[in-house]
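Below you'll find the structure, written out as structure tokens, and then a few comments.
The values are calculated or read from the model by the stated rules, or taken from the named source; none is laboratory data. Given the structure is predicted, the values throughout are model-derived calculations rather than measurements. Reconstructed Cβ throughout: ideal geometry from the backbone, glycine too, with neighbour counts over all protein chains shown.
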Amino acid sequence: MKGKLLVIGFGPGSYEHITKRAREAIQESNIIIGYKTYVELIEGLLTVQEVISTGMTEEVSRAQEAVKQAENGKKVAVISSGDAGVYGMAGLIYEVLIEKGWTRETGVEVEIIPGISAINSCASLLGAPVMHDACTISLSDHLTPWTLIEKRIDAAAQADFVIALYNPKSGRRTRQIVEAQRILLKYRSPDTPVGLVKSAFRDRQHVVMTNLKDMLDHDIGMLTTVLIGNSSTFFYDGLMITPRGYQRKYTLTGKEQALKPSQRLKKEAEPWALEQLDQPVGVPANKKIKALSSSKEIAEEALKRILGENHEQNEKPLISQPIQSIFELAVSPGVANKKFTPQQLMVLAETVGEEGDMEYSPDHHIKLKIATSDPDSVIEKLNAAKFLLSPVGHVLTVKACDFCDGEKKDSIPYAEELQQKLGGMELPKELKLGVNGCGMACYGAVKDDIGIVYRKGAFDLFLGAKTAGRNAHAGQFVAEGIAPDQIVGVIEGIIQEYKDKGHPNERFHKFFKRVKQVNGFEFKDITPDLKIEVAACGD
């Protein structure tokens, strides 16, 4: 039986603003998947549904789990606050489906259920600030390069849009809102009205009226939506209002209007819109082109110039810059090899450039963040430099020792086979597979999620280490003397079971403890029963 994906926007969070269809969809679902804060907001609507909740940055894992459950015949509700199609889960659900070859005719059914987006809910608390052309811009550069966000802010500021800033600031991401204010002040008055709305229609709702110059003097966080007026926006009696422009077409205080709506587009009413022009606006007088007789022809000519289709003038398109996104990957010299060559480091520096980011990780990789519109060319350049390339995120990473600089080479082929077969596999949470080439285990395989140690011609297996935290511990010793020709199959079985049965964002040690048995290996609680005192930092 085919399952169904219900991608639900439940609005600002108050029950009164959740649509009837959203309520029905939540109640008819078998499984609810969402960010844990969103799940808490709709707890009163839940009955017997299974709930899978994850942290703030786990959108991809939520989408993958939702698709997997729907393909297993379940009716799955994926919840987003606001509208699911505005910085929500709708697009990501479709992206995951498309990657799996989904079609509307043969695949699971998808229903997108709209909700009230933050720009609308926050505007209603401020008055009527979005009565004219407006746009939304997210200041989060987690998935979009900041250089591109800057261009969007600049363009919107120049065009005099009313602007709603989503995700303006977080605990670690503080400079973006400062930069946004700086850009806006280049084009707008310091007195431009600004509304700050935190937790609209929730228990801790807070509304502030301020201006562009002083807005950073107030508390702004991830739950705040910042609404910035245009050149016409004004405050009146505690309200923020952007006029629609009717005062030009109507006399607001008069009972009879001089111009009816049906008359406004006649040439004699607005001759500036439809009159014949010998030369289009914006084209220099020394560049003569044919006369245009209507606004339609003017618009078509402008579009051709933007798209570069005006071949007669042999001009370049006005919009030619490709859209860039952040491409993330990890590189290393190899599974056992830990030595970068000078040439490789030069290629890295050239590829990443001044705007990119390089970070050396504890698993002996260099993680790269590169803003590019052509990831394939980046991969080609790094492959040519003989790098081993790996994806980053919730994937399996093979973390091997250097096998005493290659001298203890007997187990290297198995480490390389594990990398070839399993490296980069998408999983519920990032997982480290540690491989050590002798019983000394000096690279700490026993402290990884899964550790294998080559000793006396065979492998010892350790499962479920907790790699961080005050109660961190080594993995459980579950098997001794696994034959080399069996070790890859054993690890494949463990990983596949974790991939199939693990919850999104569930670390391997928690999974092992929950299911009690993985690929025949039984869980035993080896952590000491200690009383953990509260740390000085409060964690």
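Couple of notes before you dig in:
- Which numbered condition Ile495 fails, given (1) in contact with a strand residue (DSSP E or B) (Cβ under 6 Å, 6 or more places away or on another chain); (2) at pLDDT 95 or above; (3) of a type in the set (A, V, I, L, M, F, W, C): (1)
- Scanning region 479-488 for residues that are crowded, with 16+ Cβ neighbours inside 10 Å, without any contact (Cβ under 8 Å) to a residue 60 or more places away in the chain and closer than 25 Å to Gly424 by Cβ yields one hit, Ile482.
- Looking only at residues of region 403-417 that are touching a helix residue (DSSP H, G or I) at 6+ places or on another chain (Cβ under 9 Å) and among the acidic types (Asp, Glu), we find that the one that is surrounded by the fewest Cβ atoms within 10 Å (Cβ to Cβ) is Asp410.
- Tally, over region 3-23, of residues that are over 22 Å from Tyr94 (Cβ atoms) and out of contact with any helix residue (DSSP H, G or I) (no Cβ under 9 Å at 6 or more places or on another chain): 2
- Considering region 112-140, and only residues there that are of a type in the set (Val, Ile, Thr) and under 25 Å from the mean Cα position of the chain (by Cα), the residue that is nearest to Ala70 (Cα to Cα) turns out to be Ile112.
- In region 113-141, the residues that are under 21 Å from Arg173 (Cα atoms) form Cβ pairs under 6 Å with partners that are part of a helix (DSSP H, G or I) and of a type in the set (D, E, K, R), at six or more places apart or across chains, as follows: Ile137/Arg152.
- The sole residue among Ser373, Ser377, Ser390 that is of a type outside the set (A, V, I, L, M, F, W, C) and touching a Gly at 6+ places or on another chain (Cβ under 7 Å) is Ser390.
- There is at least one residue in region 489-500 that is of a type in the set (Ser, Thr, Tyr), surrounded by 22 or more Cβ atoms within 10 Å (Cβ to Cβ) and under 17 Å from Leu396 (Cα atoms).
- Residues being surrounded by 22 or more Cβ atoms within 10 Å (Cβ to Cβ) and either part of a strand (DSSP E or B) or in contact with a Leu (Cβ under 9 Å, 6 or more places away or on another chain) (or both) - total across region 464-475: 1
- Counted residues, region 439-452 - those being within 14 Å of Ile412 (Cβ to Cβ) and modelled with pLDDT of 95 or more: 1
- Selection count, region 1-48, where residues are basic (Lys, Arg), within 17 Å of Lys74 (Cβ to Cβ) and modelled with pLDDT under 90: 1
- Annotation note: of Val226, Val207, the sole residue that is modelled with pLDDT of 95 or more, within 14 Å of Pro168 (Cβ to Cβ) and either touching a strand residue (DSSP E or B) at 6+ places or on another chain (Cβ under 8 Å) or surrounded by 15 or more Cβ atoms within 10 Å (Cβ to Cβ) (or both) is Val226.
- Selection of region 48-90 for residues being closer than 19 Å to Thr19 by Cα and aliphatic (A, V, I, L, M) yields Val76, Ala77, Val78, Ile79, Ala84, Val86, Met89, Ala90.
- Failed criterion for Thr147 (all others in (1) β-branched (Val, Ile, Thr); (2) at pLDDT 95 or above; (3) assigned to a helix (DSSP H, G or I) hold): (2)
- Output for region 150-173, where each listed residue is over 19 Å from the mean Cα position of the chain (by Cα) and assigned to a strand (DSSP E or B): Val162, Ile163
- The set of residues from region 501-528 being over 18 Å from Asp448 (Cβ atoms) and surrounded by 21 or more Cβ atoms within 10 Å (Cβ to Cβ) comprises just one member, Pro504.
- Extreme residue, farthest from the chain's Cα centre (by Cα), among residues of region 61-111 that are among the small types (Gly, Ala, Ser) and under 18 Å from Gln27 (Cα atoms): Gly73
- Top-ranked residue of region 55-76 - restricted to ones that are polar (S, T, N, Q) and more than 13 Å from His394 (Cα to Cα), ranked as surrounded by the most Cβ atoms within 10 Å (Cβ to Cβ): Gln69
- Whichever residue in region 335-383 is of a type in the set (Gly, Ala, Ser) and surrounded by fewer than 17 Cβ atoms within 10 Å (Cβ to Cβ) and, among such residues, is modelled with the lowest pLDDT: Ser373
- Scanning region 169-204 for residues that are surrounded by 14 or more Cβ atoms within 10 Å (Cβ to Cβ) and without any contact (Cβ under 8 Å) to a residue 60 or more places away in the chain yields a total of 17.
- Unique match (being touching a Pro at 6+ places or on another chain (Cβ under 8 Å), modelled with pLDDT of 90 or more and either surrounded by 14 or more Cβ atoms within 10 Å (Cβ to Cβ) or under 19 Å from Val435 (Cβ atoms) (or both)) among Ala400, Ala330: Ala330
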